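Asks: Sharing a structure with you now.
The values are calculated or read from the model by the stated rules, or taken from the named source; none is laboratory data. Given the structure is predicted, the values throughout are model-derived calculations rather than measurements. Note that each Cβ is placed from the backbone with ideal geometry, even for glycine, and that neighbours are counted across all protein chains shown. In case anyone asks, the SASA skips ligands and DNA or RNA and just uses the protein heavy atoms, side chains included. Shrake-Rupley method; radii C 1.70, N 1.55, O 1.52, S 1.80 Å.
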Amino acid sequence: MAGGRTPAAVLLAVPNFSEGRDPETLEALRAAFGDDLIHWSADPDHHRSVFTAGGGALADRVVEAARVAVERIDLTRHAGVHPRVGAIDVAPIVYLEASDRGRACAQALILADRLGHELGLPVFLYGALAGGRTRAELRKGDLGRRIESGELAPDAGPPRLHPTAGAVLVAARPPLAAFNDVIDGTLDQARDIAARIREGGAEGLAGVRALGLGLERAGSVQVSTNVEDLTATTPADVVAAVRRHARVIQAELIAPAPASAFESFPPEIPLTGAPLLP
């Protein structure tokens, strides 16, 4: 499920919500972004949706959508293959040009403060705003217990998880490429491939996060990846690494990514999903 229009913005908001099945909730989230919505997609197996918005009031739009999520998404009854810590799981502000990094950082900090104080969500910064701390580090173990023990303290909001909406992770970052490679293989193969190709793995690719996932509803197996450093690794590098171990049937781009990063993408692999950024 996806929709959107051609991107034309300097800063983007790309919040991910822990909802990929209920059409009424997805429509309410979509409506919250109004005309600023560039693209959105949802997947029932991941039980997750990703919205990309531009415009000049990014924090306003994300807060309104987050308000919908807090009202309608109950993590205590949530089951999906994608890891998450909150109903609004991550809410990065993306800068397309290095010169806009400061603006993105300012917007992200404003957003974090508003999500914490207006919606009562504990907010954790990641990436450059948190000394390089990753989402994976924040997702390790029981986040609620880590907060209660004093191991972690929210950067904004209350010092406890929201009872139904959990927490939210906020960052300011450059564009990344989030895409899924559907493979002709088993779930165990996908997990092994993901462990090998992610940064730090036996065949580790710089700036790559990867998971092996089985999609029951779609009847497919995928290596789900985020290429977080497009200057070091291209999506074509990821596909080549996956292909060393399994046949890649197709790829799906989850959110808009720079067209320049896909210039060398193998033409024989169908690439569906989000539009490319000019």
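Asks: Which whole-number percent is the relative contact order of the chain (Cα, under 8 Å, 6+ apart)?
Replies: On the way: 633 pairs, mean separation 47.9, N = 278.
With pairs under 8 Å counted, the relative contact order is 17 percent.
Asks: Only Lys, Arg, Asp and Glu count, each charged at its Cβ (+1, +1, -1, -1), so figure out the dipole size of the chain about its Cα centre, rounded to 20 debye.
Replies: 380 debye
Asks: A further question on this structure: Rounded to the nearest whole Å³, what is the per residue volume of the convex hull around the Cα atoms of the chain?
Replies: 121 Å³
Asks: Determine how large the accessible area of S41 is when every protein chain is in place; take a 1.4 Å probe and give Å² rounded to the nearest 10.
Replies: Approximately 10 Å² for this residue.
Asks: Kirkwood hydrodynamic radius (Cα pairs, Å) of segment 176-229? Write down the numbers at each step before the final one.
Replies: Details: mean 1/r = 0.0916 Å⁻¹.
It works out to 10.9 Å.
Asks: Sticking with this one: Give me the 1.4 Å probe accessible area per residue for segment 136-278, excluding ligands and nucleic acids, in Å².
Replies: About 47 Å² of surface per residue is accessible.
Asks: From the residues G185, Y126, T25, which one has its Cα farthest along the dipole of the chain in the positive direction, the dipole being from +1 and -1 charges on Cβ of Lys/Arg and Asp/Glu about the Cα centre?
Replies: Going by the charge dipole, the pick is Y126.
Asks: May I ask for log10 I(q)/I(0) of segment 110-249 at q = 0.11, 0.13, 0.16, 0.19 Å⁻¹, from a Debye sum over the Cα atoms as equal point scatterers with solvent left out?
Replies: Log-scaled intensity ratios, in q order: -0.51, -0.68, -0.91, -1.04.
Asks: Over the chain, with a Gaussian network built from C-alpha contacts below 10 Å, which listed residue (G54, G120, G204) shows the highest mean-square fluctuation?
Replies: For the chain, modelled as a Gaussian network with Cα springs under 10 Å, the answer is G204.
Asks: Also, quick follow-up: Taking N as the number of residues in segment 68-185, what is its alpha-carbon radius of gyration divided by 2.2 N^0.38 Å?
Replies: 1.11
Asks: Starting from 0.36 nm per residue, how many nanometres of slack lie between R217 and A136 once their C-alpha separation is accounted for?
Replies: Contour length minus Cα-Cα distance gives 26.6 nm.
Asks: Still on this structure, please answer the following. If the label point is 7 Å along Cα→Cβ of H78, which residues in segment 30-45 have backbone nitrogen under 15 Å from it?
Replies: 42-45
Asks: Which value at 222 nm does the chain reach when only helices count, each DSSP H run of 4 or more adding -39,500 (n - 2.57), with the total divided by all residues and rounded to the nearest 500 deg cm²/dmol? Write out the running numbers ahead of the final one.
Replies: Numbers: 7 runs with 76 residues, N = 278.
One gets -8000 deg cm²/dmol as the mean residue ellipticity at 222 nm.
Asks: I would also like to ask the following. Relative contact order for segment 108-220: what percent, with Cα pairs under 8 Å and sequence separation of 6 or more? If you can, show how the numbers build up before the last one.
Replies: Working: 141 pairs, mean separation 27.5, N = 113.
24 percent.
Asks: Taking a 1.4 Å probe, which of E137, E97 shows the most accessible area, and what order do the others take after it?
Replies: Greatest to least solvent exposure: E97, E137.
Asks: Could you check the spin-label model distance between E203 and S260? Points 7 Å from the Cα along Cα→Cβ, value in nm.
Replies: Roughly 2.8 nm, to one decimal.
Asks: Along Cα→Cβ, 7 Å out, is where each label goes; now give me the distance between the ones at D188 and E118 in nm to one decimal.
Replies: Result: 5.0 nm between the two label points.
Asks: What net charge do the residues around V81 carry, taking every other residue with its C-beta under 12 Å from that of V81, with Lys and Arg at +1 and Asp and Glu at -1? Present the calculation step by step, with values, prior to reporting the outcome.
Replies: Details: positive: R48, R84, R191, R217; negative: D43, D45, E216.
Combined, the nearby Lys, Arg, Asp and Glu give +1.
Asks: Please list D43, D181, D192 from largest to smallest accessible area, probe radius 1.4 Å, with all protein chains kept in place.
Replies: D192, D43, D181
Asks: If I compute solvent accessible area with a 1.4 Å probe over the protein chains, what percent of it on segment 1-143 is carbon and sulfur?
Replies: Accessible surface attributable to carbon and sulfur in segment 1-143 totals 49 percent.
Asks: Taking 8 Å as the Cα distance limit and 6 or more residues as the minimum spacing, I'd like the relative contact order of segment 178-255 as a percentage.
Replies: This gives 41 percent for segment 178-255.
Asks: Points 7 angstrom from Cα along the Cβ direction at R244 and D35: gap in nanometres?
Replies: Here the answer is 5.0 nm between the modelled labels.
Asks: I'd like the antiparallel share, as a percent to the nearest 5, of DSSP beta bridges with both residues in the chain.
Replies: Values: 42 of 55 bridges.
Approximately 75 percent, going by the DSSP bridge assignments.
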